[in-house]
Each structure stands twice: as structure tokens, then as C-alpha cells.
1. Which of the peptides 148-158, 180-190, 124-134 is most tightly packed, and how do the rest follow, judged by the mean count of other Cβ atoms within 10 Å per residue?
2. With every protein chain kept in place and ligands, DNA and RNA left out, what is the accessible area per residue of the chain? Probe 1.4 Å, answer in Å².
3. Run the helix sum for the chain: -39,500 (n - 2.57) per DSSP H stretch of 4+ residues, divided by residue count, reported at 222 nm to the nearest 500 deg cm²/dmol.
4. Ignoring ligands, DNA and RNA, what percent of the 1.4 Å accessible area of the chain is carbon and sulfur?
5. Count the DSSP beta bridges whose two residues both fall in the chain, then state the antiparallel fraction as a percent rounded to the nearest 5.
6. I'm spelling it out carefully: the read-out is Rg/Rh (Cα atoms, Kirkwood Rh), the candidates are [x] 1.01; [y] 1.09; [z] 0.99, and one was derived from this structure. Which label?
7. How much length is gained if the chain between ILE109 and GLN192 is pulled fully straight, taking 0.36 nm per residue apart and subtracting their Cα-Cα distance, in nm to one decimal?
8. Top mean-square fluctuation among PHE17, PHE81, PHE62, Gaussian network model of the chain, C-alpha springs under 10 Å?
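The values are calculated or read from the model by the stated rules, or taken from the named source; none is laboratory data. These figures come from a predicted structure and were not determined experimentally. Note: ideal-geometry Cβ built from the backbone for every residue, glycine included; neighbour counts use all protein chains shown. Areas reflect the complete protein model, heavy atoms only, side chains present, ligands, DNA and RNA absent. Shrake-Rupley method; radii C 1.70, N 1.55, O 1.52, S 1.80 Å.
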Amino acid sequence: FSDWDRHAYDADAIDRFVGTRHSVRNYDLEARVSPELIRHIVAAAGTTPSVCNRRSYRAHYFDTPEQVAAILALQNGNRGFGHTVPGVFIVTVRRSSFVGAGERNQRWIDGGLFAMTLVWLCHARGLGTCFLNWSQTNSRTDQLRALADIPATEDVITYIAVGYPVDGHRVARSPLRSESDILVHHRRTPGQPA
């Protein structure tokens with residue numbers, strides 16, 4: 001068997017699935033996302049790999065128009081479409097799961113992996129998503145914590161807008177980088193001269 005014969009799912013189906021995911025910036029406010037679907041997606045995302053299997057990530061979900069508007073008002077990347085967003089995940093990580101300088105960055109990695117899993121699972125269930133970065137000051141983060149009831153012991157990793165895409169929504173042009181620009185295949189033994 002070749003490596004291509006050993007996968008659990010059809011390779012063409014996987015390529016189609018991955019190739020059809022894109023950021024959505026126009027949502028159908030009439031098509032509400034059920035709480036049951038959100039719970040199912042988050043439960044499945046709980047299988048996301050994490051350092052030492054700590055699974056310190058958490059998804060805070062907001063779906064009332066008042067909540068969503070207030071939360072998006074603190075984030076700068078949703079201008080022009082935020083009024084169409086029916087739901088928002090705020091992905092956080094429990095800081096207490098990481099100790100010492102050697103682990104200071106691991107929570108951002110674990111939180112990012114969890115966020116990406118959420119996005120893939122939403123896509124698999126027909127939902128559109130858009131990452132909305134949270135590169136904010138401590139004071140703005142404190143505002144968010146107070147507004148969204150997020151404990152001070154959790155670091156905010158990212159927002160994710162989520163909902164059903166409106167029919168005919170537009171997709172931002174975002175050229176893909178070539179495989180040769182992404183992949184560096186190292187073939188020599190480490191430490192040997194080139």
C-alpha cells in the first residue's frame with residue numbers, strides 16, 4: 001500500500017472540503033444557529049490535541065443581538081459586516097494550566113489549535129466563520145472580561161464570528177501561496193554540511 005491508500009477518508013473529498021472553506025463576512029440573520037448544534041460542535045472540538053493533554057481551552061458563545069453587538073464593538077476587524085453576525089465564539093485558555101517561562105507561549109498554541117478545530121467543525125456543519133483577532137491592550141481585555149463575564153484567569157485568544165452564510169455572499173480575494181513557498185522538505189541528516 002502507498003501512503004495514499006492508508007487514509008481513513010476519500011482523498012478527493014478531503015481536498016474538496018478543505019478547498020471550500022473560506023472566511024464569511026455576510027450572514028443570514030434569519031437563519032438562527034441552534035444551541036444544540038453549537039454544543040455538538042464544541043464537544044467535538046474538545047478532542048483537539050493540546051500539550052500534555054491539558055485541554056485548557058474554552059469556548060464562550062454569545063448569540064443574542066445585544067451581546068454580539070457589544071462584544072463586536074470592542075474588536076476592530078468587523079467593520080462593514082459586524083451587523084450581520086448572529087453569533088460569536090470567544091476562545092480562551094485557562095492560564096493556570098501553564099507554569100514557568102518555558103510554557104509562556106504554549107497557551108496561545110493550544111488555544112489556536114482549538115479555534116481552528118472549531119472553525120473546521122463549523123464548516124463541516126454548513127456554518128460560515130470568520131476569525132477576528134484579539135490583539136488588544138490589557139485595559140481593553142479587562143473591558144471584554146467585564147462585559148462577557150470571562151474570568152481574569154483566562155487569556156483571550158481570538159474571536160470567531162459564526163452563522164449561516166447569506167445566499168450569494170462574497171468571498172475576499174486571498175491568493176494562496178505555492179506549495180514550494182510553504183513546504184521545506186529537509187532530506188539531509190541533521191548536523192551534516194549541506
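1. 124-134, 148-158, 180-190
2. On the way: 12280 Å² over 194 residues.
Accessible area per residue: 63 Å².
3. Values: 6 runs with 62 residues, N = 194.
About -9500 deg cm²/dmol.
4. Values: 6510 of 12280 Å².
Carbon and sulfur atoms account for 53 percent of the accessible area of the chain.
5. Around 95 percent of the beta bridges assigned by DSSP in the chain are antiparallel ones.
6. Of the listed options [x] 1.01; [y] 1.09; [z] 0.99, [x] comes from this structure.
7. 26.8 nm
8. Ranking PHE17, PHE81, PHE62 by mean-square fluctuation puts PHE17 first.
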